[in-house]
Each structure stands twice: as C-alpha cells, then as structure tokens.
1. Can you tell me which residue in the range 87-133 is farthest from Asp72 (Cα to Cα), limited to those that are assigned to a helix (DSSP H, G or I) and of a type in the set (Gly, Ala, Ser)?
2. How many residues are open to solvent by 40 Å² or more (accessible area, probe 1.4 Å), under 18 Å from Arg244 (Cβ atoms) and not in a loop (DSSP other than H, G, I, E, B) when one looks only at the range 254-282?
3. (1) modelled with pLDDT of 95 or more; (2) touching a Ser or Thr at 6+ places or on another chain (Cβ under 8 Å); (3) surrounded by 15 or more Cβ atoms within 10 Å (Cβ to Cβ): which one isn't true of Thr189, the others all being true?
4. Taking the range 134-146 as the search range and keeping residues that are closer than 15 Å to Thr170 by Cα and in a helix (DSSP H, G or I), which one is most open to solvent (accessible area, probe 1.4 Å)?
5. For the range 440-474, give me each residue that is farther than 20 Å from His377 by Cβ, of a type outside the set (A, V, I, L, M), assigned to a loop (DSSP other than H, G, I, E, B) and open to solvent by 30 Å² or more (accessible area, probe 1.4 Å).
6. Across the range 89-112, what is the number of residues that are at pLDDT 90 or above and either open to solvent by 60 Å² or more (accessible area, probe 1.4 Å) or charged (D, E, K, R) (or both)?
7. Could you say whether any residue in the range 308-315 is touching a residue at least 60 places away in the same chain (Cβ under 8 Å), in a helix (DSSP H, G or I) and surrounded by fewer than 18 Cβ atoms within 10 Å (Cβ to Cβ)?
8. With (1) of a type in the set (Phe, Trp, Tyr); (2) buried (at least 18 other Cβ atoms within 10 Å of the Cβ); (3) at pLDDT 95 or above as the list, and Tyr437 as the residue in question, which single condition is left unmet?
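The values are calculated or read from the model by the stated rules, or taken from the named source; none is laboratory data. Everything numeric here is computed off the predicted structure, so don't read it as measured data. Positions of Cβ are backbone-derived with ideal geometry, glycine not excepted, and every protein chain shown enters the neighbour counts. Side chains are part of the model used for accessible areas, which takes the heavy atoms of the whole protein and leaves out ligands, DNA and RNA. Shrake-Rupley method; radii C 1.70, N 1.55, O 1.52, S 1.80 Å.
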Amino acid sequence: MGSYWSSFYSTEKGATTPTDTETNRRGKRANDTDLDTDNLEDPLLYTPQKKKLKSTTDYIYQVLFVNGENSDITITALGKEWKLHKIYLKQCGYFDSMFNGSWREAEASSISLDIPDDNIDVEALSIAFGCLYRDDFTIEPVKVVPVLAAACLLQLDGLMQQCAVIMMDTISMNTVCEYYECSVTYGLTLVTAACFKWFENNIMYKQTKILLKHISSQLLQQLIESPDLFVMQVEMDVYNLLKRWLFLQLVPGWSGSYRKELTKQADAHFKEAVRQEFGRGSSRSYLETKCGRKYKCVFATLRLQHILVDLTSTNTLLKDRLLPKEWLMPYFKAQWMTMLRVEQGEELGPKKEEVEESIFNHQSLRCARVLNRDTEHQWRWIGFNYGVDLVVTYTGRTIILKRNSSSHNRLLSTQSRRYVMFKVTVSCLNDLGQVTYTKTSGVVTTDFEKDGQVLALSVDRKATMPLRVALNLLYITPKLSDSLPNLLNIRLPHTHCGSCRRRRKSVTAIASTSCTDIDGSQCDVTGRADSPAAPSPSSVGSSEGAASTGDVDSDL
C-alpha cells in the first residue's frame, strides 16, 4: 500500500501502472487512492503558531506609564516622581476615594505621598503603579514583601492576591519568618495559616540559630500548644527546643556551634543568672529571675506530664533549674494517684465516650519519627506508659500498633484489656519543607488485649520517602480531680530583700516594712504575699499519666 510519494516516484521511473486485475484484487484502482495535489491539506496549516505582537497593554504601559505621555498628575514619594493618569489611578481604592471626594487633592496636579511603612521602597511603588497600566506583571519572590506593603497602602486587592500566591509557593526556611510576620500585619490569613503549618512540620526537625532567633514568644507559644506539632522525637525535645530558643533570645549575637555548644552555653548562662540574682547555693529557677519571668507563658505550655515519666528527663529538669520546682510537684502528685488507680484496677484507659477530642488534642503525648527507607521498621518510644508497652511497626505500607506483653525489663500491666486513644499522621515534604502528601487516621479509641494489635493506617503508594510518622497518644483517662494545673497561678516562694532580713529582729519593723516580690506583689517581712491564694489540691494535679517518653526512640 504505497503512499502518494512512492507512487509518484515509481511512475516517474517508468514503472508500469497496476493492471485491472491487480486493481480489482485490491478493491479499488490505484489512481483512485492517489491524493489530489490540489486538495492536499498540510497539517502545518492547522498547527497554532505563537507570534507575539506588541499588545495594547504593552503599548499603554510603555507610552503612558514609562514615558508619562499626556500625564495629568504627578505623584511624588520616597524622593521619586511618577508622571501618571488619574483615570488609571482610580483603580486603587486609595486614589479613588481621594479623587471622588471633597478633598483638595481631587483637583491637584501634583500629590506628595507620605509612606509610613518601612517595607515599601521605590521599586515596590513602581511595580504597584505599573500594574495599573498592564494586565500581566512579574514579581520576584525577593521583592514580594515590599510589593505587598505597597499594594496594601494603595488598596490594590488584585496585586495583594498575586503576592499571596507567590508567598504561598515560596515558603521555606529562609522566608517563613518574614512571610508570617508580614501576613499577620497585612491580613493575609491564608498565608499566615500556611506559614504556621510550615512551622508545625519543620520547627522541631530543621532547627537553626537564624530560625529560632526570629520566632516570637507568642508564635512559639501557639506552636507548643498545637496538637499537630511534629515532635521529633518526644515531649522532652520540645523542652530542649525552648531552652535553646530562650538562650538565643537573650544572647542574639552568640556565634558558636548550634549542635555542639549551644546547650552547654545555655545551661551555664541560666545558672549564672540565678547565682547573680539569688546568691550562690540558691535553689531558685531562672524563670523566677527578673529577666526570666517574662518567658513563663511560653514554658507553661509544655506538656510536663509526658516529660516527667522518664528518669533521665526528670533529672535534667531538676538539674537545669530552668523551671520552678513548684511547677513539677502537682504533676508528681497526679501521676502517683494515677499509678494507684491503675494498680487497683480502677483505670483501664480512655474511652471515646469519656474523652472529647478537644481534651485529647490538648493532653495527648506527641511523638514522631522519620523513616528514610521503604523497608520494615519497628520501634517504641522510651517512657513509662502505666503498664502499656505500645510497639509501632511499619511494614508493607501499613502502620500497626501492638500492645506488647513480654517483659523486656518493663513494668507491664496484667490487666487483660486496656484502652488507648491515638491519632496517626503520615506526611511527605518537598525540599522547601512544604507538605506534598499527608494522611491521618483521625482520633481512634481501641481496646488492646494482651499482645493485641490494630491496623492504624494504610499509606498510599504516592507517598514518597522519607516518610514522617507522627502519633498522638493518650493512655490514661483525664480526671476532673487531676485537671492540668495553671502553672502561671502557682504561688512561688518569696525572696526577701536585704532590708527585710535585717529588720526581722524587730516586731515593729516587721509590721511596717514591705518589699516587692519577683512577680510584683507586695510582701511583708514574714513572707506573706498579697497575691491570690494557692490553688487547692484538687486544682493542681495532672490531667493524666504521661505516655511513653524519652530523649530518643529505640528500635526493637
């Protein structure tokens, strides 16, 4: 079955045409199958060709904006003049209200703008004015914040939305702090949420000096409270993060090695501050010093009930003397009461009808791990779980939780059935730290028999390695009598000034002399403070016993 060109070539060489018999055998004559050159349709004729001509908007931009022809108003700002046109400026809410109102600028031919925002520069204003004269414009990510500030000043909603899209696409370790602050300032709620999500997924995993220096105490407090914080590995690591962050806030010019020297330098700094303020040998904590007390709110968000279930972590808290020891005692008491309930069979674990999801989010243990290879993994997190040894297994794209009943030198519950609330979340990140895949089991309540196991989550094939596995766990039913203490309301011991101690010998002086406590309350020399009464025993307990905790996780 030759083509037109092969038939033409054969005829030109003198080849005979097919006989009638050959033609009939093929079903039609060869000449009938030949294409008529006059009716030949070249596919190229129907292939779109992009030939960009100078568009109207490009012409308008060049002639009216760049060249300033037929300008009827001159805008002066930041030492530069722009020859512009009122009809185009009215696209801005800022100038529309100015030109249509009873303002003197409505008839003026020259206006000088006061720029109160330090984020705005000349280039950003030029981009903002220029976008009024054309449909498309390009903004480099490095200039997106100044352009956003200019767009907010001029009330250019379309330009603000374009800046928001660029910011959402370029959130990274180098931009997230600036983007978060600017999105809050200029009201870009979607960008704020995206930056906060980035912090949740990366702050524990990508710690750097620059990142910690630029995180505000308010933002960090919200992150520590979040149930979706990717805690790598356990709650004790959150405490270590706060300690490093606090030191960098106090000594922002510190230039040592983050991993090798920061923790030692921080510990020495806090202890020296306590010694200088309270004297050598004092048992007071750094958060009780004048410099430290303003950071109490951040440290009060720690889930101490999940830190004090590991001996090494508990000893570290006591040795650091960063937290007031009065903060720890309510948790010790609550955990002892929980142990007694478990031992006497009164505590079988949380049941779904007994624990609301909001309580679970607020009080659950958060722990996570990163799996670098798609092979079988099995691990547990170190810590005392009130007799429940929960083993996590990743195999065949599934995550399985098992209640282990073999001793392994652990104190295990002999109860035949124990309830556990959990939420499993897996995620993948790109090179910028943005989530490309995530899946969660939701909050689930399961009763585990001895050596019982449950399929917690199936991971889709589109999930790539490394795979991040995060768990929220609750082993104990929160009791109203053991509600979480408000650490900021716990009364701390008073340190008397020198004049108070000198006057102790005089009853008259004791009655008439007062000094100011660390928290600002007035105290007489006997040590009684005019502050709210200490909370009753029923209000200073822990909500639950902590789940498995430790500085590092251990493979089985």
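1. So the first thing to find is which residues in the range 87-133 are assigned to a helix (DSSP H, G or I), and the list is 87-89, 93-100, 104-107, 122-130.
Keeping just the survivors that are of a type in the set (Gly, Ala, Ser) gives 93, 97, 106, 124, 126, 128, 130.
On the way: Gly93: 19, Ser97: 17, Ala106: 12, Ala124: 22, Ser126: 18, Ala128: 18, Gly130: 16 Å.
Result: Ala124.
2. 7
3. (3)
4. Selected residue: Val142.
5. Lys450
6. 4
7. First pass over the range 308-315, keeping only residues touching a residue at least 60 places away in the same chain (Cβ under 8 Å): 308-310, 312-313.
Adding the requirement that they be in a helix (DSSP H, G or I) leaves 312-313.
Of the ones still in play, those that are also surrounded by fewer than 18 Cβ atoms within 10 Å (Cβ to Cβ) are 312.
Among the residues of the range 308-315, at least one is touching a residue at least 60 places away in the same chain (Cβ under 8 Å), in a helix (DSSP H, G or I) and surrounded by fewer than 18 Cβ atoms within 10 Å (Cβ to Cβ), which makes the answer yes.
8. (2)
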